[in-house]
Structures are given as structure tokens and as C-alpha cells.
Amino acid sequence: MAGRLEGTVALVTGASSGIGEATAVALAAEGAKLAIAARRRDRLVQVVERIGDDDILVVETDITDEDAARAVVADTVREFGRLDTLVNNAGVMLLGPIVDAPVEEWRRMVELNLLALLYTTHAALPHLLEAAERDPRRVADVVNVSSVAGRVAREGRGVYNATKFGVVAFSESLRQEVTRRHVRVSVVEPGAVMTELATHNRPEIIEGMRATFGQMEMMRAEDIAESIVFTVTRPRHVAVNEILIRPTEQDS
């Protein structure tokens with residue numbers, strides 16, 4: 001039986017681990033041709049091996065560079081002839097107080113969580129708009145992976161909150177702009193997920209996170225990937241604009 005995304009092409013950023021990897025695997029299972037992008041080529045190759053399909057475009061890149069972000073999109077279209085689905089998953093979460101914070105951490109989050117997403121989306125939009133007018137589905141999708149932190153600001157997360165609030169605001173504005181042209185824009189906002197995301201923090205921040213989430217049964221990356229696949233496989237007349245998904249035990 002053919003997958004629901006047969007004949008379409010998907011680009012996933014931050015695909016070398018976690019939610020990005022799980023999403024790439026899930027989209028491939030639905031029949032989409034894949035381009036996967038991240039900084040770690042060795043991990044991307046492992047994703048290809050896991051999927052078991054040699055016809056996957058692997059792009060080792062840093063999409064915080066605008067030219068690199070545009071090249072990822074151009075390479076995808078050159079390889080497969082179209083682009084139907086963009087999953088902006090690449091991101092970093094560096095928590096801690098605002099007072100005396102290492103400003104370089106702020107810069108990293110703004111550049112990757114927000115600017116890289118803007119660059120990639122801007123480059124992809126002409127191709128997505130074209131795909132939305134073509135068979136087999138005559139609809140295209142942008143899925144932006146935000147966070148619970150894009151809905152509720154909390155102490156110790158100020159700049160991470162700012163970047164994720166920005167993703168949500170940008171997504172809603174873009175949705176209003178292109179939805180009548182059958183490009184759907186969706187935001188997925190996960191709570192606590194077992195990925196590498198937290199490991200990029202300073203040791204004292206990691207200890208605090210363990211105290212908060214250590215006993216909680218957290219979500220798996222596959223749980224979020226399932227939500228993304230649900231979003232992009234809806235019929236042409238259905239748009240899932242926003243999914244907030246938390247572990248059952250997470251109360252905030």
C-alpha cells in the first residue's frame with residue numbers, strides 16, 4: 001500500500017538526532033522523498049542507514065548562515081525537482097538567568113531558533129507555493145517546531161522564550177498570508193522530550209533540570225514525529241495550525 005506522501009519531497013532541518021531524526025524516519029515511511037540537513041554528517045549518514053533508502057539527500061550545513069540555508073533548499077529542489085514539506089526543527093535550548101548571562105548563548109539561540117528558520121522558510125516558500133498547485137496532493141506544508149516555551153514565559157528561560165514566541169508569531173503571520181494558496185503553516189509545541197537538547201546547557205543548569213524533570217515520564221522524539229506526520233497528511237481542506245503536546249505528568 002502506497003504511503004500518504006508518495007510523490008512528495010520533504011526537507012527536515014536538525015535531522016541528525018532527536019525530533020528531527022524521528023520525523024525524517026516517519027516521513028520516509030509515508031513515502032516522501034527526503035532531504036535531511038544538520039551540522040553532523042556522520043549522524044545524518046546513520047539516519048539514512050536507519051531508514052534504509054539510498055535516495056536521500058544528505059546536507060552537512062550550518063543554516064545560521066543565510067547562504068547555507070538557501071543552498072539547502074536549492075539543493076533539495078535540484079535533486080528532486082520540487083519541495084512539498086518543510087520541517088524547521090533545528091534549534092538549541094540554553095537556559096539560565098538573564099542577569100550575568102553569557103550573551104553568546106543568546107546569540108546562538110537567536111541565530112538558530114529564529115533567524116535560521118526565517119532564512120530556510122523564505123527560500124522554500126516559492127517552491128512550496130508551486131507544489132501546492134501541483135499533483136499529487138495540491139497542498140504544501142511548513143511545520144515549525146517551537147516549544148511550550150513559545151506559549152508561557154518562565155524565569156530562567158527568557159531568551160529561549162523570546163525565540164520560541166518569535167517562531168509562533170512568525171508562523172501565524174505567515175499562515176494568514178499563504179493559507180488561501182494552500183500552503184499550510186503549523187506550529188508544534190512540545191513539552192519535555194528525551195533528546196540531546198538539554199545536554200547543551202551549563203552543568204548547573206542541567207542539574208536544575210534534573211531536579212524538575214528527573215522523575216517525570218517524558219515524551220520520546222517519536223511522539224512528536226507522529227504529531228508532525230499527522231499534521232502534514234491531513235486532506236487538502238484541513239489545516240492543523242497548532243499542536244501543544246506535553247507529557248501527561250507535566251503540569252506547566
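The values are calculated or read from the model by the stated rules, or taken from the named source; none is laboratory data. Small disclaimer: the values here were computed from a predicted structure and weren't measured. Methodologically, a virtual Cβ is constructed for each residue, glycine included, from the backbone with ideal geometry; neighbour enumeration extends over all protein chains shown.
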Selection over the range 131-154 where residues are in contact (Cβ under 8 Å) with a residue 60 or more places away in the chain, under 14 Å from residue 186 (Cα atoms) and out of contact with any Gly (no Cβ under 7 Å at 6 or more places or on another chain) yields a count of 3
Picked from the range 229-252 (must be over 22 Å from residue 160 (Cα atoms) and of a type in the set (A, V, I, L, M, F, W, C)), the residue surrounded by the most Cβ atoms within 10 Å (Cβ to Cβ) is 232
Only unsatisfied item for residue 47, checking (1) at pLDDT below 95; (2) closer than 25 Å to residue 140 by Cβ, is (1)
Take residue 66 and tell me if it is among the acidic types (Asp, Glu), out of contact with any Lys or Arg (no Cβ under 8 Å at 6 or more places or on another chain) and either closer than 20 Å to residue 147 by Cβ or crowded, with 24+ Cβ neighbours inside 10 Å (or both). no
Query - Qualifying residue in the range 119-138 (condition: within 23 Å of residue 221 (Cα to Cα) and of a type in the set (A, V, I, L, M)) - result: no
Output for Cβ contacts, cut-off 8 Å, separation at least six or different chains, first residue among the basic types (Lys, Arg) in the range 206-230, second assigned to a loop (DSSP other than H, G, I, E, B), reads 220/194
Residue 186 vs (1) more than 15 Å from the chain's Cα centre (by Cα); (2) closer than 19 Å to residue 10 by Cα; (3) among the polar types (S, T, N, Q): all pass except (1)
Scanning the range 197-207 residue by residue, those in contact with a Gly (Cβ under 8 Å, 6 or more places away or on another chain) and surrounded by 15 or more Cβ atoms within 10 Å (Cβ to Cβ) turn out to be 197, 201, 205
Tell me whether the range 104-121 contains one or more residues that are of a type in the set (Gly, Ala, Ser), buried (at least 21 other Cβ atoms within 10 Å of the Cβ) and out of contact with any helix residue (DSSP H, G or I) (no Cβ under 9 Å at 6 or more places or on another chain).
no
Subset of the range 1-24, residues farther than 19 Å from residue 91 by Cβ and either of a type in the set (Val, Ile, Thr) or under 15 Å from the mean Cα position of the chain (by Cα) (or both), comes to 8, 9
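For every residue, the table says whether it meets (1) more than 25 Å from residue 214 (Cα to Cα); (2) charged (D, E, K, R).
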| position | (1), (2) |
| --- | --- |
| 140 | yes, no |
| 152 | no, no |
| 164 | no, yes |
| 170 | yes, no |
| 181 | yes, yes |
| 186 | yes, no |
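To keep it simple, each residue is scored yes or no on (1) modelled with pLDDT of 95 or more; (2) surrounded by 17 or more Cβ atoms within 10 Å (Cβ to Cβ); (3) aliphatic (A, V, I, L, M).
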site: 24; (1), (2), (3): yes, yes, yes
site: 27; (1), (2), (3): yes, yes, yes
site: 33; (1), (2), (3): yes, yes, no
site: 53; (1), (2), (3): no, no, no
site: 80; (1), (2), (3): yes, yes, no
site: 83; (1), (2), (3): yes, yes, yes
site: 86; (1), (2), (3): yes, yes, yes
site: 89; (1), (2), (3): yes, yes, no
**Report entry** Condition check for residue 163: modelled with pLDDT of 95 or more, under 17 Å from residue 85 (Cα atoms) and either among the β-branched types (Val, Ile, Thr) or touching a helix residue (DSSP H, G or I) at 6+ places or on another chain (Cβ under 9 Å) (or both)
**Finding:** no
Of (1) over 22 Å from residue 235 (Cα atoms); (2) out of contact with any strand residue (DSSP E or B) (no Cβ under 6 Å at 6 or more places or on another chain), residue 148 fails just (2)
